[in-house]
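Before any comments, here is the structure.
Computed from the coordinates by the stated procedures, all read-outs in this text should not be read as laboratory data. This is a predicted model, so every value here is computed, not measured. Don't worry about glycine lacking a Cβ; one is built from the backbone with ideal geometry, like all the others, and counts go over all protein chains shown.
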Amino acid sequence: MKATAKAPANIAFIKYWGKKDEVLRLPENGSLSMNLSHLWSKTTVEFSAKYKEDEIFINAEKEAGEESRVVKHLGRVRELAKLTYRAKVVSQNNFPLGTGLASSASGFSALTLAAAASAGLKLSEKELSILARQGSGSACRSIPDGFVEWLDGETSDSSYSLSLYPPNYWQISDVVALVSQTRKKISSTQGQRQAKTSPFKAARISAITEKIKTLKKALKMRNFPLFGQIVESEALELHAICLTSQPPLIYWEPPTLAIIKAVQQWREKGLESYFTIDAGPAVHLICQTQDEQAIVKKLKKIKGMSKIVVNRPAVGARIIDKHLF
Ligand code: DP6
């Protein structure tokens, strides 16, 4: 009854920022993302009669509380499998938590796959995605491979992710510039609640279907400049919503802005990359893989950089043999 899964974080090109159903985590709009090869979580789950309560260890730290999101997620798996056993969960990330690097995406997708396997459930990719979504919305995009679309859906059964293209479809990279390793104060769950108060929210929602269509077209044509421009304007739109929410959410740090400015200058000189930023100060630079090393070299010269992680498009969540306990 022990199973282990490895799952990638993902970077959203079209963002999920607001829920139409908070309990089911149904998003207000569909989104698009790419799985990241070098940011991942590994999770081992064992359901067994020997555990009196759910025991959860994340990066070697014990997580407390019956109400934790992980315990709730184990409850969903128990219900599906008609199981009463408690579980032990050990999870490891290869990157710092809560820095806006989609740790909940890799964490909850790895947890979903490992827990389902440990409980003996045989679920399809779609069913796994639906289950992962209920733990953390963005996690449903880390189940399928490569370039992924999350269909917003009106019901739980119609809100899931699917692979648009495999990882080798397009040689692009995501160079992640970490500028601060401190844990953010406002979670993305809370930030999304506040988004409702932004006067720009309605404008965003009214134009999003068209934006998704154009981005999918750019992806289909592998038109990098068109793709990059949409990705960048989408990131700025997300942060415009954050800045104009009540209370305002300012995720950026001074190096975040320094990188934004630098990217524009590099482009003027012929080095092409486009930035995107999630709910944190880290900047993701999307470039063609041939330019990856030139970008890394330039980034290193910017003040305030704490770590650079180079990612290629990756497969989704997978069962692996090596257990963590
Ligand atoms: C800015 O998936 O972390 O990264 O469903 O409340 O857990 P919850 O939210 P979460 O939100 C991710 C927000 C984002 C954009 C994105 O990944 O689409």
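Results, tabulated for the structure shown:
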{"read-out": "Hits in segment 294-325 - residues which are of a type in the set (Val, Ile, Thr), assigned to a strand (DSSP E or B) and either farther than 24 Å from Gln92 by Cα or touching a Pro at 6+ places or on another chain (Cβ under 8 Å) (or both)", "value": "none"}
{"read-out": "Criterion violated by Ala235 - all others in (1) in contact with a Phe, Trp or Tyr (Cβ under 6 Å, 6 or more places away or on another chain); (2) within 16 Å of the ligand (Cβ to nearest atom) satisfied", "value": "(1)"}
{"read-out": "Tally of residues being small (Gly, Ala, Ser), over 24 Å from Glu210 (Cβ atoms) and surrounded by fewer than 23 Cβ atoms within 10 Å (Cβ to Cβ) across segment 6-47", "value": "1"}
{"read-out": "Close pairs (9 angstrom Cβ cut-off, 6 or more residues apart or separate chains): without any contact (Cβ under 8 Å) to a residue 40 or more places away in the chain in segment 290-319, assigned to a helix (DSSP H, G or I) anywhere", "value": "Ala294/Trp266; Lys298/Ala262; Lys298/Trp266; Lys301/Ala262"}
{"read-out": "Enumeration of residues in segment 114-168 that are within 16 Å of the ligand (Cβ to nearest atom) and β-branched (Val, Ile, Thr)", "value": "Ile130, Ile143, Val148"}
{"read-out": "Extreme residue, farthest from the chain's Cα centre (by Cα), among residues of segment 199-215 that are more than 14 Å from Val231 (Cβ to Cβ) and among the hydroxyl-bearing types (Ser, Thr, Tyr)", "value": "Ser206"}
{"read-out": "Residues (away from the ligand (no atom under 16 Å from the Cβ) and assigned to a loop (DSSP other than H, G, I, E, B)) located in segment 257-280", "value": "Lys269, Gly270, Leu271, Glu272"}
{"read-out": "Number of the exception - Ser103 against (1) away from the ligand (no atom under 12 Å from the Cβ); (2) within 14 Å of Ala9 (Cα to Cα)", "value": "(1)"}
{"read-out": "Tally of residues being closer than 17 Å to Asp145 by Cβ and either touching a His at 6+ places or on another chain (Cβ under 7 Å) or of a type in the set (A, V, I, L, M, F, W, C) (or both) across segment 15-52", "value": "5"}
{"read-out": "Restricting segment 132-154 to residues that are farther than 18 Å from Ser41 by Cα and of a type in the set (Asp, Glu), the residue that is surrounded by the most Cβ atoms within 10 Å (Cβ to Cβ)", "value": "Glu149"}
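For every residue, the table says whether it meets (1) of a type in the set (D, E, K, R); (2) without any contact (Cβ under 8 Å) to a residue 40 or more places away in the chain; (3) away from the ligand (no atom under 16 Å from the Cβ).
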site: Leu36; (1), (2), (3): no, no, no
site: Ile56; (1), (2), (3): no, yes, yes
site: Ala60; (1), (2), (3): no, yes, yes
site: Arg69; (1), (2), (3): yes, no, no
site: Glu79; (1), (2), (3): yes, yes, yes
site: Ala87; (1), (2), (3): no, no, yes
